[in-house]
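To start, the structure itself, in structure tokens.
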Amino acid sequence: MTSDMETALRRAEASVDRLLAGRDDRWYPAAHIAARAGWINDPNGLCFVDGRYQVYFQHHPGSADWGPMHWGHVSSADMVTWRREPIALAPSVEEDRDGVFSGSAIIRDDGALAVFYTGHRWRNGTDERQGNLQVQCLALSADGGRTFEKRGTVVDCPEGFRHFRDPKVWKQDGRWYMVVGASTVERRGQVRMYTCDDPALEQWSFDSVLYEDPDERVFMLECPDFFPLGDKWVLTFGPMGARPRGYSERNGNNAVYVVGEWAPGRPFANVTGHRPGDAGANYYAPQSFLTPDGRRVQYGWMGAFTSSEPTCAADHWCGQLTVPRELALAPGGNAVLMAPVGEIEALRADTRDFGAFELGADQDAGLADDVSGAAEVEVELDLARTTAERVDLVVHRTPDGHQTVVSWDDQSGRVWLDRRLSGRGGRGYRSVPVPAEASGLLRLRVIIDRSSVEVVVGRGEAMMSSLVFPPEGPRALVLSAESGAAMVASLRVHRLRSIWESPDR
Ligand code: FRU
């Protein structure tokens, strides 16, 4: 007999097929995970099972806008080349009637893959006006994560809470732990922690409030993730209601992290203030997992609910994930270093090595005439010998004068990612300080795709991920020096090949 979920999944795949037939690829990424067609947001259920990395994501197969959430799915043997998998979860039971929201994956002691997700219902059946009902649910897979059997609610919403979602589960000292993002009766943003000693993972009890945001305006902490890094613990989350403060938390949706100390049974202590999970314009709902060789790897959603992307309107797809990044604790222990995983270097092809050179005052150097797919630039600026006030790496320069600019700026002592002239979509700039360690030599890595730019600053002191939608036509890559000369210690440009095992169509 066909189950309700099988029927829902079949309908979802048929809908993606219909959308795919009209997909416009002008901005469709080559080196980033996106759905075949339709909308995606948060990465979900990251894990390594049966020799393959599994990445699930929030997915609306019905259109290129957010809608009833499913879990889309891709997998890879090496985190480089990805295979499309069938949609894994669809709304099909009363508790997830209006959406299978975000969650995480673990391997149970008996070897079964278990995912925890939020079952979402609108109280009025259509929207948030009368509030919602959100509970944490369990689903099990016996085939390495392709199909799931739902096991129902395992953690109920606390009485009177307004939001309660996004379970992240891990095992610590023989016990299972879950953090869940919450909006309390008083509208405070909390991360609540639950524990479980049941091998079936069905019996959970409330442990403690792990973290409450000190900002009273922050009413909800979405997508919490809590993990050890070096000798500290890091909590990442999306504070809803946060206001811009100087250079930080300027996006409609911001992912931040705090660092502190924690051990089972103890409070989360000596916690730092919010630090940006990424300093770009589009980075939200990050989730991490541990690779088999013990690295902490994180994916984020390169998007925001507050900005409508041009692909949603006409291209039959919307939303993409960032490249996977490895996290490490910075020396001093109160910040996180982040850089793309080494695996993605395997995507590099057609490398052009420009070596060391001097770019004269107010000169431009063309690096590529048309970066039509994905590419990566690695550049080292010898700041000690550079007299320019500003050095720009100009990306996606189109014949009609559009461009996205990554700059080192001596006056502000910052690295900028400027989308003022990027084309369609959001504008505005983001920036981070030049890392102190880079006072002599500044290393920048810029990953360019058809609708995004991700900048890695220094040794991973910061990353900036932003969406850009350049107009049609060749997309040139140019280096330019302003009011002085730039001393380039090294510069390489790589084409990045597609991440997909087989083309969509
Ligand atoms: C964050 C989020 C989550 C929720 C999901 C719904 O982007 O709002 O809190 O589970 O997206 O798609």
Problem - Subset tally (residues that are touching a residue at least 60 places away in the same chain (Cβ under 8 Å) and part of a loop (DSSP other than H, G, I, E, B)) for the range 255-276 - result: 3
Exercise for the section: Say whether the condition of being over 30 Å from Val259 (Cβ atoms), under 21 Å from the mean Cα position of the chain (by Cα) and in a strand (DSSP E or B) is met by at least one residue in the range 308-317. Expected result: yes
Fill in the blank from the handout: Restricted to the range 277-301 and to residues being assigned to a loop (DSSP other than H, G, I, E, B) and of a type in the set (A, V, I, L, M, F, W, C), the residue farthest from the ligand (Cβ to nearest atom) is Ala279
Exercise for the section: Go through the range 148-192 residue by residue and tally those that are outside any strand (DSSP E or B), surrounded by fewer than 17 Cβ atoms within 10 Å (Cβ to Cβ), at negative phi and of a type outside the set (Asp, Glu). Expected result: 2
Fill in the blank from the handout: Restricted to the range 1-21 and to residues being of a type in the set (A, V, I, L, M) and assigned to a helix (DSSP H, G or I), the residue surrounded by the fewest Cβ atoms within 10 Å (Cβ to Cβ) is Ala14
Exercise for the section: Might you check whether a residue that is farther than 26 Å from Tyr53 by Cα, surrounded by fewer than 16 Cβ atoms within 10 Å (Cβ to Cβ) and within 16 Å of the ligand (Cβ to nearest atom) occurs anywhere in the range 104-123? Expected result: no
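Residues checked against (1) within 30 Å of Glu149 (Cα to Cα); (2) outside the structural domain of His163 (by TED's automatic domain parsing); (3) among the acidic types (Asp, Glu):
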residue	(1), (2), (3)
Asp197	yes, no, yes
Ala200	yes, no, no
Gln203	yes, no, no
Val209	no, no, no
Arg217	no, no, no
Met240	no, no, no
Ser248	no, no, no
Asn253	no, no, no
Practice task
Kindly state which strands (runs of 3 or more DSSP E) lie completely within the range 45-93 and contain at least 3 residues that are within 14 Å of the ligand (Cβ to nearest atom) and either surrounded by 17 or more Cβ atoms within 10 Å (Cβ to Cβ) or not assigned by TED's automatic domain parsing to the domain that holds Ala34 (or both).
Solution key: 52-60, 70-76
Exercise for the section: Would you confirm whether any residue within the range 22-39 is within 14 Å of the ligand (Cβ to nearest atom), under 20 Å from Ser307 (Cα atoms) and outside any loop (DSSP other than H, G, I, E, B)? Expected result: yes
Exercise for the section: Within the range 302-316, work out how many residues are within 16 Å of the ligand (Cβ to nearest atom) and crowded, with 24+ Cβ neighbours inside 10 Å. Expected result: 3
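The values are calculated or read from the model by the stated rules, or taken from the named source; none is laboratory data. Because the structure is predicted, anything quoted here is derived from the model rather than measured. Methodologically, a virtual Cβ is constructed for each residue, glycine included, from the backbone with ideal geometry; neighbour enumeration extends over all protein chains shown.
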